[in-house]
Amino acid sequence: MKHKIKVKVNGTVYETEVEPRLLLVHFIRDVLGLKGTHIGCLGSKCGACTVIYNGLSVKSCTMFAVQADGGEILTIEGLARNGQFHPLQEAFRENHALQCGYCTPGMIMSSYALLKRNSKPTEEEIRKGISGNLCRCTGYMNIVKAIQNAVERLNT
Amino acid sequence: MAFVGKSIKRKEDLRLLVGKGTFIDDIEIHGMLHAAISRSPYAHARIKEVDVKGALEYQGVIDVLTGTEVAEMSNAAMQMNSKLITSNAYCMAIEKVRFVGEPVAALVAADRYTAYDALDFITVDYEPLPVIVDSEEAMKSGAPLVHEEAGDNVAYHDLYHYGDVDKAFTEADYVVKKRFKYHRYTSTPIETNGVIADYNSARGTLTIWANFQLGGMIHRTLSDLLKIPENKFRLITPDIGGGFGNKCNIFYMILIGLLSIKIGRPVKWIEDRRENLMAGASGSDRIFDAEAAVKKDGTILALKTKIVDNVGAYLRFPEPIGIIRAFQTALGCYKIKNLLMDIYSVYTNELPAGPNRGYGCQSFYFQLERLVDLVAKKLGLDPVEIRKRNFIQPQEFPYTTAVGCIYDSGNYPETLRKALEMVDYEKTRKEQERLRQEKKYTGIGITTIVEPGASNMAEFFIVTENLPLSGSTEAAKVKIEPSGQITASVGSCPQGQGHETIVAQIVADEFAVDTDDVYVLPGFDSLTHPWTTASGTWGSRFAAVAPDAIILACRKIKEKIFKIAAHILQDKPENFEMKDGMVQVKGIPQKALSLEAVCGIACFHTLLLPPDMEPGLEATHVFNFPTVNLPDDKRRINLASTYGNSAHIAVVEVDVETGQVKILKYIVVSDCGKMMNPMTVDGQIHGGVVHGIGGGLQEELIYDDDGQLLTTTFIDYLVPTAVEAPNIEVGHIETPSPFNILGTKGMGEGGSIPSPAVLASAVEDALTPFGVEITELPLKPEKIWESVKSKKLRWAL
Amino acid sequence: MIPNNFEYFIPDSIDEAIALLTEYGEDAKLMAGGQSLIPLMKLGLSFFGNIISIDRIPSLSYIREIKGGGVALGGLTTHSMIENSDLIKSKYPLLAEAVCAIADVQVRNRGTIGGNLCHAEPAADYPPVMVALDAKFKVIGPKGERTIKAGDFIADIFTTNLEYNEILTEIILPPVPAKTGGSYQKLSRRSGDFAIVSVASVITLDEKNNCENVNITLGAVGPTPIKAELAERMLLGKNLNEITLEAVSEKASEIAEPTSDIHASEEYRKDMIKIFTKRCLEEAVKRARGDGIT
């Protein structure tokens, strides 16, 4: 039996009916057409599917869309405002913190959540904070640098 | 040069950072259906019957494809095993399955969830057969045969002898002998494999989108196997979420292509992670029985090695190149003049092996560098000293190795010296001594390697004359649009290496414009991009061969531009240069035309062109690396184009109670010739090193005796997270290659090649008081714990 | 890797949830954060026709001090809430240590303490900590409310002593006496992975630094958390100068029943439990001697 859900995504409210088993990541990508959130493992390990749900970072492959009913989601598409990069996006670019770009949306959303709860993390806290996001291209060093750079940008 | 050599910010980032990349699963074609693949649960079994009735009746299922149909509709891929006549490789098992996860049928449904559900309704009747997973056991007579027609499980065997190894061994003062085992692991790009195929029956054309690394290289093969004329086959690679060699599997493109041909509608298939680990790609596991012949003064005269390579269930293209490729740098940085390699590629009921970042080199270096360390120990020499005594010296370049490979340039002593300086070697050794007194065990590992770039396609030709391939080519096309804007394209299939940016840097420098003025076609499209039969992004080739193709294409156009300007401004073409977007006489800015004006003549007002000049401003150039050659009568051959080098030093601490390894410091000094974009070079090194650390410490594809893969998810297959990855200090030396215009060398794999070996070296060094020898990987804490426990502490501290 | 189809229920109250569990019996499963359940469903290892989502029940997510000492946590309290709770960090540092070791931030934002305990994964982080703290669990079913001691909660691998239609609603942590220290130590291959071995210990000292009370619970070395009672008795009443933690750890490891898997063998785990018990006790003692907070 399908369930009606109402979800706000990047500021827009969507109302639709979904199968209970529809994963939130498939809802975001296939129903809403927001392809920026990626699937890397579907097994809750790689974090490529990370979005912000009700202010907290979550793996959208490990949630059903029905669980998000009434909630508010921020995806990578919602981060830049009026064509302007968020300081995290700028910092990622400046510091070459992405190569293939596949893990990047999830990595940025995790970083966004990290800086929301801890505005001046240590390197150790950064690495632990993104430990739920796997990257095969960068070796993480430039990602850590980018987050540290974003801290500076956000604090000025 | 305004741009080449600088860390220019990447063009690709602008779309990737906002989630607007176009990856394979982002592409939707009207009328597209979704495929799911039914796979064998057995490692070895005869297929008695494939019953698809239930699946065909399942609501939402459109059609099914079975092995019988595959055999009719497609041609089998050749395995490079001259013994095989009939048991060739299809995209699906036909009569027998040979590894867990091998496709046995596929279905297509309206949506992916229905496709997955319907898989339960394909029932296959299997007759299990005895399984063989150990490569040495597989070589014994009486072992279960993976391919009966081959008569045994040896997929490929050859003996390569360079120099005179026997003579060298008689002259040796010492022989150091050791067995080494290298394990199976993979690269797991975060994006799995994916294919969309769209057959247009009215035109007889097939378009395939795939996140595939070998675009041009495989174009002809795919058209042959799919029975689609090559000029009606279009292959497109969109943004690719990482490749690392793991996206070289041709079979999914065939399978999904056949589905679309059968149904006449677009079909999409996206691999899930379990399928990727089970049936995607991995490096092979390899056993080396190696011997080094050594003189008292430390000179290594010869290397003799028997190699048993577990290639899995099929010699899947491009195997056995995983072995041959490593010949490019089999002797590393050393002047070893005699080499004997007795090579066996062996079938087992495991995943067919294939490229895995470093492709064959990392295991060869594990053997070589560990052996060099053992030689050092035997002679009582420091591992630095033994290397210095055997290095090829800077004045000896270009240097031809015993194999025939022409190392273009390098300064190995300087690379090592700089690395030692960065780690403060003397101080670190003293600190190590001090810590040992406190029962803290730190170790220093040192490896020095040569990194090959852009393979000579004749590496296939050495294996079999059925593949007459040779050369190391790349194609580039540059066009100046009638409006004066510049478009460039190249035959690579980038997966994050930043080619769009680097190509723009090169072109911008040639035309003295800004990189923002150059549009580089993203990805690869066989219809719109230039390409050769070596094209793609694999084997660290871009920097070795692409820049010359691009530059020479630009210069063909510049030649025309200068002739046009000379004709209009009444001067000699050789007096002109490009400056600030203008075509001007050198030193006389008033005597100039804008590029737009030149285009106006070339494209619109064509009667003003010099006599006999072809209108338009576009050019293609195909570059063939000048030093690659064909094998001589002794099978000596230059197997790669460029040869960079690097030194890695790792400082580790081993917790002898638990066996855990902590990396305290990791140093890389890299020489990849001229760096076009240093920022991207460092990025490649970081990623490669962390991958090698994963392979060295914790990544492993583990099979049980029934051929079942036990590491089928990221819970059990241990990709390093940001917590395990260390900070890496990178230094650079630039010894440009004399054989291409910019002096650039391929370097994408260099980070991942020595890193497992350097960690082994460091751990062994840390455990010196215990006399532990590391000859196998990964460096699992339990293995280290076991080794320590089995030895007594050598001396009281 | 797609879950099976199921009917989905969102009860507003505990009573409604219990009624649904009673109605659908074996074909029903409670879902809190889903961080254990959903991956199993995707791997095809868990098939339930009816999923009862309780994460909207308002009264089940809290961390509050109990009058007279101790702290109560609602069953739906997320790992993140516990991780960020100053109350937990100050009063029960070993619980704060354990929760940080669970998976990663994203999982901790959704996963709940109740869900984790009811899943009863042998290598999970909460169970040994709960036993070491002598926690009690409040459970509600159709017959009403009852309390189960933490040590009696998990029966076997992935099996608790809950009735099929009971819900874990509250975790009660007892008050912490003065001069008490606790620690949680875990060995895993990577950050956030399941434990290869884990140990939770709580020790209370008297003014003379004699061991007044001690709890040593081993995790991931048996189907349930294992209280190392003989090892505890070695320490109980003793002055810490009289007995080596080495000997106590050796004793503790004797009761471990580890199995072998691809990540570690039985022998390795047996030795590691000894090493980690020692490290855990050393830390607990240090903290007990310090400012007397667990």
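The values are calculated or read from the model by the stated rules, or taken from the named source; none is laboratory data. Keep in mind the model is a prediction, meaning the values are calculated, not measured. No Cβ is skipped: glycine too gets one built from the backbone with ideal geometry, and neighbour counts run over all protein chains shown.
Within the range B:228-270, the set of residues being acidic (Asp, Glu) and buried (at least 21 other Cβ atoms within 10 Å of the Cβ) comprises just one member, B:Asp239.
For the range A:22-41, a tally of residues being more than 9 Å from chain B (Cβ to nearest Cβ) and surrounded by fewer than 22 Cβ atoms within 10 Å (Cβ to Cβ) returns 2.
Taking (1) more than 30 Å from B:Pro781 (Cα to Cα); (2) touching a residue at least 60 places away in the same chain (Cβ under 8 Å); (3) in contact with a Pro (Cβ under 8 Å, 6 or more places away or on another chain) in turn, C:Val176 satisfies each apart from (3).
For residues that are more than 7 Å from every other protein chain (Cβ to nearest Cβ) and either buried (at least 24 other Cβ atoms within 10 Å of the Cβ) or under 10 Å from the mean Cα position of the chain (by Cα) (or both), scanning just the range A:92-109, find the one that is farthest from C:Asn109 (Cα to Cα). It comes out as A:Ala97. Taken over the range B:137-160, the criterion of being within 19 Å of B:Arg316 (Cα to Cα), small (Gly, Ala, Ser) and at pLDDT 95 or above is satisfied by B:Ala138 alone. Note on the range C:103-114: residues that are within 23 Å of C:Ile196 (Cβ to Cβ) and away from chain A (no Cβ under 11 Å) total 1. Within the range C:56-84, the set of residues being more than 15 Å from A:Leu56 (Cβ to Cβ) and in a loop (DSSP other than H, G, I, E, B) comprises C:Arg56, C:Ile57, C:Tyr62, C:Ile66, C:Lys67, C:Gly68, C:Gly69, C:Gly70, C:Gly75. Look at C:Leu45 and say whether it is more than 9 Å from every other protein chain (Cβ to nearest Cβ), in a loop (DSSP other than H, G, I, E, B) and without any contact (Cβ under 8 Å) to a residue 12 or more places away in the chain. Yes, satisfied.
Yes/no per residue for (1) farther than 25 Å from C:Asp156 by Cβ; (2) within 14 Å of chain B (Cβ to nearest Cβ); (3) at pLDDT below 95:
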position: C:Ser188; (1), (2), (3): no, yes, no
position: C:Asp193; (1), (2), (3): no, yes, no
position: C:Thr204; (1), (2), (3): yes, no, no
position: C:Val214; (1), (2), (3): yes, no, no
position: C:Ala231; (1), (2), (3): no, no, no
position: C:Ser249; (1), (2), (3): yes, yes, no
position: C:Ala256; (1), (2), (3): no, no, no
position: C:Ser265; (1), (2), (3): no, yes, no
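Residues in the range B:319-351 that are modelled with pLDDT of 95 or more, more than 23 Å from B:Lys295 (Cα to Cα) and part of a loop (DSSP other than H, G, I, E, B): B:Thr348, B:Asn349, B:Glu350, B:Leu351.
Could you list all residues from the range B:646-690 that are within 22 Å of B:Asp765 (Cα to Cα), within 13 Å of chain A (Cβ to nearest Cβ) and outside any strand (DSSP E or B)?
If the condition is that a residue be within 22 Å of B:Asp765 (Cα to Cα), within 13 Å of chain A (Cβ to nearest Cβ) and outside any strand (DSSP E or B), then B:Val689, B:Val690 are the ones that fit.
Rundown of residues vs (1) in contact with a strand residue (DSSP E or B) (Cβ under 8 Å, 6 or more places away or on another chain); (2) modelled with pLDDT of 95 or more; (3) surrounded by fewer than 23 Cβ atoms within 10 Å (Cβ to Cβ), yes/no style:
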position	(1), (2), (3)
B:Asp671	yes, yes, no
B:His686	yes, yes, no
B:Leu697	yes, yes, no
B:Asp704	no, yes, yes
B:Thr712	no, yes, yes
B:Ala725	no, yes, no
B:Pro736	yes, yes, yes
B:Ile741	no, yes, yes
B:Ser755	yes, yes, no
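Taken together, the criteria exclude B:Thr442 from residues that are out of contact with any His (no Cβ under 8 Å at 6 or more places or on another chain), under 20 Å from B:Ile550 (Cα atoms) and at pLDDT 95 or above.
When B:Leu630 is tested against (1) out of contact with any Ser or Thr (no Cβ under 7 Å at 6 or more places or on another chain); (2) in a loop (DSSP other than H, G, I, E, B); (3) touching a residue at least 12 places away in the same chain (Cβ under 8 Å); (4) surrounded by fewer than 18 Cβ atoms within 10 Å (Cβ to Cβ), exactly one condition is not met: (1). For the residues C:Glu97, C:Glu121, C:Glu145, the requirement of being within 14 Å of another protein chain (Cβ to nearest Cβ), surrounded by fewer than 22 Cβ atoms within 10 Å (Cβ to Cβ), charged (D, E, K, R) and not in a loop (DSSP other than H, G, I, E, B) singles out C:Glu97. Quick check, is B:Asp612 more than 30 Å from B:His686 (Cα to Cα), surrounded by fewer than 20 Cβ atoms within 10 Å (Cβ to Cβ) and without any contact (Cβ under 8 Å) to a residue 12 or more places away in the chain? So B:Asp612 passes the test.
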